[in-house]
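None of the figures in this text is laboratory data; all of them are computed from the coordinates on show. On a predicted model such as this, the values are computed, not experimentally measured, just so you know. Don't worry about glycine lacking a Cβ; one is built from the backbone with ideal geometry, like all the others, and counts go over all protein chains shown.
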Amino acid sequence: MVHPKTQPGKSTTWLPFLRNHLDVSWAMDFFTVVTAGCSFLYVFVVFEHGRRKVVHFSTTYHPSMTWVIQQLREATLLGRQPRYVFRDNDGIYGHQVRAFFDSCGIEEVRTAYRSPWQNPYIERFVGTLRRELLDHVIVLSERQLNRLLREYIEQYYHTGRPHQGLNGDTPVATKKPGMVNGPTKLISFPV
């Protein structure tokens, strides 16, 4: 067998691509929450990779492709949009979601089937959300779940929870101008 003398150029593998585009990429995903009445609520999350920030979330009992497109419109208000959106191959997205991304100039990056490790930041967020909040409450209704998620994300995850990937900072930077960089008295607040 004859081997070619020149090797083709190596392409970037998945994780280096993901790391190289942190500041210009988002991820989106669905997960389910079982309510006290044994029904399923679907939670749709849009997540910014660079600052590990939840850009948008919404819940519904009956997700559809048009509902997903409306959520994406709300997430990309006022010209706020990424260059890339990572998503899995869920059938709910359909062909119109791809058309929406094309019309906005956003490149859709689809993960391989059954490969959640290819979308690690949002998968980690969903796991953290389950361990720190959803495993400790019984959800009664969609309204209650929306309130719980909003409080968790805005009052804790974005402002009070340090992230190792952000060198101990929070997604919404909490350092104020003029803060003293030295020994300080530690005060704890119950959350």
> In a solvent-free Debye calculation with one equal scatterer on each Cα, what is log10 I(q)/I(0) for the chain at q = 0.12, 0.14 Å⁻¹, listed in the order of the q values?
Replying inline: -0.68, -0.89
>> Need the full-extension length gain, HIS136 to ARG114, defined as separation in residues times 0.36 nm minus the C-alpha distance. One decimal, nm.
In response: 5.1 nm
> Which of the trypsin sites (Lys or Arg not before Pro) found in the stretch 78-108 are loop residues per DSSP with 16 or fewer other Cβ atoms within 10 Å of their Cβ?
Replying inline: ARG80, ARG83
